[in-house]
Structures are given as C-alpha cells and as structure tokens.
Amino acid sequence: MPTQLLVLIGLLSAILTLTGCVRAPVTDRLQVSVIPEKIMLPLGRNTYQDMLSGARLVTNGDDVGTLRRVGKRIARVTGEPGYGWRFSLVDDRDTLNAWCLPGGKIAFYTGILPVLQNEAGMAFVMGHEVGHATAHHGAERMSQQLAVLGGLGALYLYMDRKSELTDQQKNLMMGALGVGAQVGFILPFSRKHEKEADIIGLMYMSRAGYPPEESVAVWERMQAQSGGGRVPAFLSTHPSHEQRRANLREWMAQARKRHARNPLSEDTQKTLWR
C-alpha cells in the first residue's frame, strides 16, 4: 500500500476518532462510535431477518404475550422512540439465549425462560440486551474493526458527502462492514460491554417498575444452570457470575430509588416458567 494512502487512512482515522466520541447511557462512559444510525439501523433490520429465517417462532399464547409486554415497558424508558421495536420468541428449548440488534430488534429463545423464571427476570435480561443496542456496542466494536481494516477512510468520505450511496459505494461499504457485522452482532460482546449492559439493564428494569433485586437472582440461576456443564451461548466469554453480582450490587441503591418511583402494581416475581 502506498505511503501516501497509509498516511491518509491514519489521518482520517484520527479525525473520526476525535469527532466520533459519544456517551453511553446510564454509565456515561466515553466511547468512540463513528458508524451512523442510518447505516446501523438497516444493518440491524436485515441481520434480524436473516437470523430468524427458518426459525420456529411462537406467535401466540401467554409466553409471547409476556415477552411483548415486558419489551414495550423497557422500550418506553429507553428514550429511543425512533427504534422499530420487534419482539420475537423462538421455539427452541435447547438454546439458552437472547439478543437485541440495532434498532430494537429482539429475540428470546424458549430455552432461557426457565432460568428467567418470572416476568421481572425477563425484564432484566430484556434491559440488558436492549442496553447493548442503546449503548451502540455493535457500532463501537465495528468502528474498532474498521479502524483495523482501514475502512474508516471510506466511511469518512461517505459521511462527509452526506449523500446517498451509489451501488458501487454501497458494495464497498458493506464489504468493509462485513467483518464488523460478525464482530458487532454475532460474536459475543467484550466483558466491558457485558458489564455495562448489566448496569443499563438494571436501571431500565427499575424505571419500568420491576424490582431490581431480581437481576441478582437471575445470575444465581444462570450459575446453577451452567454449573459444571456446557456454557450456554448467552454466557460465552461473559464476566464471571460473581463479578456480575458484585457489579449489580454496586448500582443497586440507585436502582431501588428508581423502582420506588415507578413500582408496578402486579406481582412480577411469581413463577411463570420452571
């Protein structure tokens, strides 16, 4: 690669790093995220369709009704009214997993329901997964990947022009984002992101009216579920159960204050799934 091009890529990367700093919700952590929502939202929508294609979806009944009710409550407290929220329940009892893509595209697998046990447990995991999206963790990791690939130069030119992409530009952009999509959406998040998503999820569930103490109980059940056996996909490369509980307890006092202002009248901790 010519020296001049290397210098240009380095300069453009530095410019984007300086101009792409944003704050994560709740934690207020400074992060570099240079990929705009107008790219991330369609990417999340298309990935959602791909990941659910061929899946057996639960379309009616109490379980999917609970999922949608919890999802809508969490969505209301995020401050993201522009997201095209979707809540899907995948009929797969062997998979203990849940995820959320950019734009509020959410899927839970029936295999995780017994570990959630109740509506409040679902609210915490829902808040956690939504936290990955509202904190733009996927865009942050993809930005890092693009920096490594040298794709920030192309992204800068696109952002600077503020125009629609031609077919050729679109192909180049999606090629640069291809590896980033794997890193941002499919591979497990970093431990830093998981810790942050726990905090955001704790606050979201509390503001939505769910008792925050259930967040710690969820990780206790997760530990019991995975003890000595195969680590579920939901826990892959995540912080230890002890670290997660300690992290949640550090923020519990603030969460309780938020819950005290927004309690739900119904019992959200009664057992729904065993």
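The values are calculated or read from the model by the stated rules, or taken from the named source; none is laboratory data. From a predicted model like this one, the values you see are computed outputs, not experimental measurements. Here Cβ is always computed from backbone atoms with ideal geometry, including for glycine, and neighbour counts include all displayed protein chains.
List of remarks:
- A Cβ distance below 6 Å, combined with a sequence gap of six or more or placement on separate chains, defines the contacts here; from segment 26-51, residues that are in contact (Cβ under 8 Å) with a residue 60 or more places away in the chain reach residues that are among the charged types (D, E, K, R) and buried (at least 17 other Cβ atoms within 10 Å of the Cβ) in the pairs THR27/GLU196; GLN31/GLU140; SER33/GLU140; GLY44/LYS105.
- Tally, over segment 51-83, of residues that are modelled with pLDDT of 95 or more and on the phi > 0 side of the Ramachandran plot: 1
- A count restricted to segment 81-104 and to residues that are buried (at least 16 other Cβ atoms within 10 Å of the Cβ) and under 21 Å from LEU43 (Cβ atoms) stands at 14.
- Among the residues of segment 257-271, those that are under 16 Å from LEU202 (Cα atoms) and either part of a loop (DSSP other than H, G, I, E, B) or in contact with a strand residue (DSSP E or B) (Cβ under 8 Å, 6 or more places away or on another chain) (or both) comprise ASN262, PRO263, LEU264, THR268, GLN269.
- Filtering segment 49-69 to residues that are of a type in the set (Ser, Thr, Tyr) and surrounded by 16 or more Cβ atoms within 10 Å (Cβ to Cβ) leaves only THR66.
- Hey, LEU89 farther than 15 Å from SER206 by Cβ and out of contact with any strand residue (DSSP E or B) (no Cβ under 6 Å at 6 or more places or on another chain) or not: no
- In segment 60-106, of all residues being basic (Lys, Arg) and not in a helix (DSSP H, G or I), the one that is farthest from LEU272 (Cα to Cα) corresponds to LYS105.
- From the list LEU172, LEU202, the lone residue that is in a helix (DSSP H, G or I) and at pLDDT 95 or above is LEU202.
- Within segment 70-97, the only residue that satisfies the criterion of being of a type in the set (Phe, Trp, Tyr) and touching a residue at least 24 places away in the same chain (Cβ under 8 Å) is TYR83.
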